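Asker: Sharing a structure, written as structure tokens. Questions coming.
Read-outs: derived from the displayed coordinates by stated rules, not from any lab. Computed from a prediction, not measured in an experiment: that's the story for all the values here. All Cβ positions, glycine included, derive from the backbone under ideal geometry; neighbour counts span all protein chains shown.
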Amino acid sequence: MRYDKQNVDMMLRALLGSDELVASWWKSPNWRFKLATPEDVWQTDPSEVFHYVYQNSFHYGGTQ
């Protein structure tokens, strides 16, 4: 599967509410990624970032 950053940005905009917050999210340390930035993780494993955002977009509070 090819992971598209535009799809991730679309989900993030729905979650965060603005392009400015989306841009900030990509550059902010994240506990889920052991304080690496999502931008750095995307370079090595885009599926990890995609699935994290997808899970929070569509399964928040649910089971995996």
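Asker: Expressed as a rounded percentage, what relative contact order does the chain have, with Cα pairs under 8 Å and six or more residues apart?
Answerer: Averaging sequence separation for qualifying contacts and normalising by length gives 30 percent for the chain.
Asker: Could you check which residue among 21, 12, 35 shows the biggest mean-square fluctuation in a GNM of the chain with a 10 Å Cα cutoff?
Answerer: Maximum among the listed residues: 35.
Asker: Using the Kirkwood formula on the Cα atoms of the chain, what hydrodynamic radius do you get, in angstrom to one decimal?
Answerer: Details: mean 1/r = 0.0838 Å⁻¹.
Roughly 11.9 Å, rounded to one decimal.
Asker: Given the options 22, 54, 37, identify the residue whose Cα lies farthest towards the positive end of the charge dipole of the chain (+1 on Cβ of Lys, Arg; -1 on Cβ of Asp, Glu).
Answerer: 54
Asker: Using the membrane-span-like helix rule (whole DSSP H runs, Cα extent along the own axis of at least 15 Å, mean Kyte-Doolittle hydropathy at least -0.5), which helices of the chain qualify?
Answerer: 5-16, 46-58
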